[in-house]
Amino acid sequence: MLTLFHPFARRSAAIVTACALTACSTLPTYHQPEAAVPAQYAGAGAAAPGWRVAVPADTEPPGPWWTLFHDAELDQLEARVDVSNQTVAKAVAQLQAARAMLDYQRAGYAPTVTAGAAQSRTRLSQNVLGHSLAGKTVPDYSVGATASWEPDLFGRVKDATVYAHDNAQASEADLQAVRLSVASDLATDYFDLRSLDRQKKLLDDSVTAYAAALSIVQQQLKDGAIDASAVAQAQTQLESTRSQDTDIDVQRAQLQHAIATLIGMPASSFALASEVKSVALPQIPTGVPSQLLERRPDIAAAERRVAAANAQIGEARAAYYPDLTLSATAGLESTFFAPWLTAPSLFWSLGAQLAGTLFDGGRRHAALQGANAQYDSAVADYRQTVLTAFQQVEDNLSTLTTLASEADSQQRATSAAELSLKLTMNRYQAGAVSYLDVVTAQTIALTNERTQELIDARRVDASVQLLKALGGGWSRTSLDESGNTAAAT
């Protein structure tokens, strides 16, 4: 049997090799779409605390970006995102599905081999004229294997593989974008919660001070030194501040529940102890705008989908060309079991089929037009993603610059309010002003202190959002390396 196959096998291999070497490629040459990239960030025109223009020695933030805030508790919470967050888990599953599809498409390069064994008994009708087996029961024993292979003459399999590979890379970038989004949401909620802890401490201290003041004016009323209006004013101020204090608890509980969800825990089983501590703004190197195209995972995902759409055009073009299928079948078959494994039971066949569509009513043309439209849509998505990324960076740069100036002004206002309160208390104790003036000064001082805290919290949030807008230290290089590794396996 081997001597029969060898000459034919050699000729077939030579033909297939020649076909493969002269195969046409229907895949269009891919060029990354152009996008408008400014020379520099407009918001980088003036220095502001919390960010700085990068110098050539700068690279992306070392390690996870949230470590720039030097908060050990935040670090522990962020470490749980990859393990327990369900949005991240879904993105991981989608990446695995995309990689499985890539393996599926690569399998198109290999032949398909099937094998089987069968046993049957067949009786032909006795009333069939001219048949030697009429009225007889015939057993049949067979075992055989069939191999078929479709050489990728016009790049159909190649285009499908490129499409799946680009989609897998897009899914990987999507995963990184999801991780970045969830991590930034967690950091924002965490820092907002800590801001509420600081406001809570401020209100608790104010409630304590106002309660003591109420006791004093109540005693003064008993002594006949003042009228009842001062007591009413002190009582109003105390209860109003208590109301604000209680409202802080509502907001804090909601943020705590949000953090629990982000780290994959039921809200009822998670709690963060109150802690009053300040947050130092990190120094964030912004780099140049062109680097943003390499640092944003959502931009990378959009660009990979453009490449995948380009591969779909190749697939649509390949449909215009015929398919060549090479097949071979060999096995053993016998009516009787005893001689089943002997040479006379051998059967085999070799063949080739070249088939193509001559007329389909314009279906292939419509598919090609649709692929071109999908490519144009992917390019538009990519350019919109780039524009949005630059907008987000500029928004947060300008926010940090503006809030830095606002924080300076507010600091002066808070200091002035504290001085005013001190002077008003002195004048009240000297009998020069009424208690209403004291209440007014205390309210202004408390309002300014809370406003200063809110501005500080907004600056921290803007720093988190700037880190997110800059890609959180992610680099397109890691995507290319993982993609190349996947392509080689």
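The values are calculated or read from the model by the stated rules, or taken from the named source; none is laboratory data. Being a predicted model, the structure only gives us computed values, none of them experimental. No Cβ is skipped: glycine too gets one built from the backbone with ideal geometry, and neighbour counts run over all protein chains shown.
Among the residues of the stretch 155-201, the one identified as under 25 Å from the mean Cα position of the chain (by Cα) and free of Cβ contacts under 8 Å to residues at least 60 places away in the same chain is THR161.
One residue stands out among those in the stretch 287-299 that are in contact with a helix residue (DSSP H, G or I) (Cβ under 6 Å, 6 or more places away or on another chain) and either part of a loop (DSSP other than H, G, I, E, B) or of a type outside the set (A, V, I, L, M, F, W, C) (or both): the one that is farthest from VAL460 (Cα to Cα), which is GLU294.
Within the stretch 316-338, at least one residue is assigned to a strand (DSSP E or B) and touching a Lys or Arg at 6+ places or on another chain (Cβ under 8 Å). Of the residues examined, LEU368 is one that is among the hydrophobic types (A, V, I, L, M, F, W, C) and buried (at least 16 other Cβ atoms within 10 Å of the Cβ). Can you pull out the residues in the stretch 344-367 that are closer than 27 Å to TRP149 by Cβ and either more than 54 Å from the chain's Cα centre (by Cα) or of a type outside the set (Gly, Ala, Ser) (or both)? Hits for the stretch 344-367 are SER345, LEU346, PHE347, TRP348, LEU350, GLN353, LEU354, THR357, LEU358, ASP360, ARG363, ARG364.
Hey, could you check the stretch 88-109 for residues that are without any contact (Cβ under 8 Å) to a residue 24 or more places away in the chain and closer than 18 Å to ASP152 by Cβ and say which is surrounded by the fewest Cβ atoms within 10 Å (Cβ to Cβ)? Looking at the filtered set, the residue picked out is ALA107.
Could you say which residue among ALA373, ALA378 is exposed (fewer than 14 other Cβ atoms within 10 Å of the Cβ), within 41 Å of the chain's Cα centre (by Cα) and not β-branched (Val, Ile, Thr)? Criteria check complete, one pass: ALA373.
ALA378: of a type outside the set (Ser, Thr, Tyr) and either outside any helix (DSSP H, G or I) or closer than 22 Å to ARG459 by Cα (or both), yes or no? Against the criterion (of a type outside the set (Ser, Thr, Tyr) and either outside any helix (DSSP H, G or I) or closer than 22 Å to ARG459 by Cα (or both)), ALA378 does not qualify.
Return yes or no: is ALA100 modelled with pLDDT of 95 or more and under 30 Å from LEU368 (Cβ atoms)? Give the derivation first.
Details: modelled with pLDDT of 95 or more: yes; under 30 Å from LEU368 (Cβ atoms): yes.
Against the criterion (modelled with pLDDT of 95 or more and under 30 Å from LEU368 (Cβ atoms)), ALA100 qualifies.
Apart from one condition, VAL433 fits all of (1) in a helix (DSSP H, G or I); (2) at pLDDT below 95; (3) of a type in the set (A, V, I, L, M); the exception is (1).
Residues are listed down the side, and each one gets a yes or a no for (1) part of a helix (DSSP H, G or I); (2) in contact with a strand residue (DSSP E or B) (Cβ under 7 Å, 6 or more places away or on another chain); (3) farther than 25 Å from ASN396 by Cα; (4) modelled with pLDDT of 90 or more:
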residue: PRO56; (1), (2), (3), (4): no, no, no, no
residue: PRO61; (1), (2), (3), (4): no, no, no, no
residue: LEU68; (1), (2), (3), (4): yes, no, no, yes
residue: ALA93; (1), (2), (3), (4): yes, no, yes, yes
